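The values are calculated or read from the model by the stated rules, or taken from the named source; none is laboratory data. Owing to the predicted nature of the structure, the values given are computational and were not obtained by experimental measurement. Virtual Cβ from ideal backbone geometry, glycine too; neighbours counted across all protein chains shown.
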Amino acid sequence: MEFSCRQLTRETERLERHDPLSPEQIDEGIETLAAASILTRQLNIRVFDDRSIDTESALTVSDVLPASWKVDSQKAVLNRALFDGAYYGMLRFHHRRHAEFLAAKWLARLLCNNCPYEEIENILFAEIEGQLTIRPSLESVAAWLVGMSDIPSIDRLRQRLLKVAPDIYLRYGDPAVLSVDYRRSILKELVERCKGRERISIVWNADTLRRIATQELSGMYPSISSVPKHQTT
């Protein structure tokens, strides 16, 4: 995913000789727009010159990017292969997965810039009837985030997700980058949650599930297979 996003964000550099954005500015702009799209659940972004689109129907780039960004830089950030036309006068990220991954990069950037861990946790989780729950719209973002290394407090987030929402690793992110010991803990937690249940409903993605698997986890099969198959959906 990192390689795919980088290729798409850099494509303009090959097409236009005078791109006003540095690689660092490109990353900052794209990640900020992705975070705004995912956190506000507004995937449409207004084309810069089209004032006919109201602000409730699409994000406005100048409202999202830092105030220090000049107009030509604001326009240039939208001229990337990451974006497709959504409707007349609007763009959106080519794939939602790209936006979710880049939103995770934005959160990682905050942590690296000394944002308190508690602030990130408040974004990703909500307390419902006294129980901490991950926000459904941010499950994918959280899964991508914990797969990033050398991020301050990332181990705290991994442990929080392990207890609150271990099942997200069956659907989102890239579990292959997680340590074998952590993946083993994920499976143990899932098995523990299934004990004593009359009916089990698990939503999973085949590609993601394939990437959590490794030969080193084969010894866990007896405990996993002890869950009756006829009770699993």
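Applying the condition of being surrounded by 13 or more Cβ atoms within 10 Å (Cβ to Cβ) and charged (D, E, K, R) to the stretch 117-155 and asking which residue is farthest from Arg41 (Cα to Cα) yields Glu121. Candidates in the stretch 66-122 are the residues that are of a type in the set (Phe, Trp, Tyr) and under 14 Å from Ile26 (Cα atoms); of these, the one that is modelled with the highest pLDDT is Trp106. Tell me whether the stretch 147-168 contains one or more residues that are in contact with a helix residue (DSSP H, G or I) (Cβ under 6 Å, 6 or more places away or on another chain) and in contact (Cβ under 8 Å) with a residue 60 or more places away in the chain. The answer is no; no qualifying residue exists. Annotation: Gln159 fulfils all but one of (1) within 17 Å of the chain's Cα centre (by Cα); (2) within 17 Å of Ala108 (Cα to Cα); the unmet one is (1). Answer with yes or no whether Glu100 is surrounded by 16 or more Cβ atoms within 10 Å (Cβ to Cβ) and of a type in the set (Asp, Glu). Yes: the conditions hold for Glu100.
This table checks each residue for (1) of a type in the set (Val, Ile, Thr); (2) modelled with pLDDT of 95 or more.
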| position | (1), (2) |
| --- | --- |
| Ala142 | no, yes |
| Val146 | yes, yes |
| Pro166 | no, yes |
| Trp204 | no, no |
| Arg210 | no, no |
| Gly219 | no, no |
| Pro228 | no, no |
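Scanning the stretch 51-65 for residues that are at pLDDT 85 or above and of a type in the set (A, V, I, L, M) returns Ala58, Leu59, Val61, Val64, Leu65. The single residue among Tyr169, Tyr182 that is over 22 Å from Leu8 (Cα atoms), more than 17 Å from the chain's Cα centre (by Cα) and hydroxyl-bearing (Ser, Thr, Tyr) turns out to be Tyr182. Across the stretch 85-125, the qualifying residues are those that are without any contact (Cβ under 8 Å) to a residue 12 or more places away in the chain and under 22 Å from Ser22 (Cα atoms), and the one among them that is farthest from the chain's Cα centre (by Cα) is Asn113. Among residues of the stretch 198-214 that are of a type outside the set (Ser, Thr, Tyr), those with a Cβ under 7 angstrom from a residue that is surrounded by 13 or more Cβ atoms within 10 Å (Cβ to Cβ) and modelled with pLDDT under 90, sequence gap 6+ or separate chain, pair up as Ile200/Cys194; Ile200/Val227.
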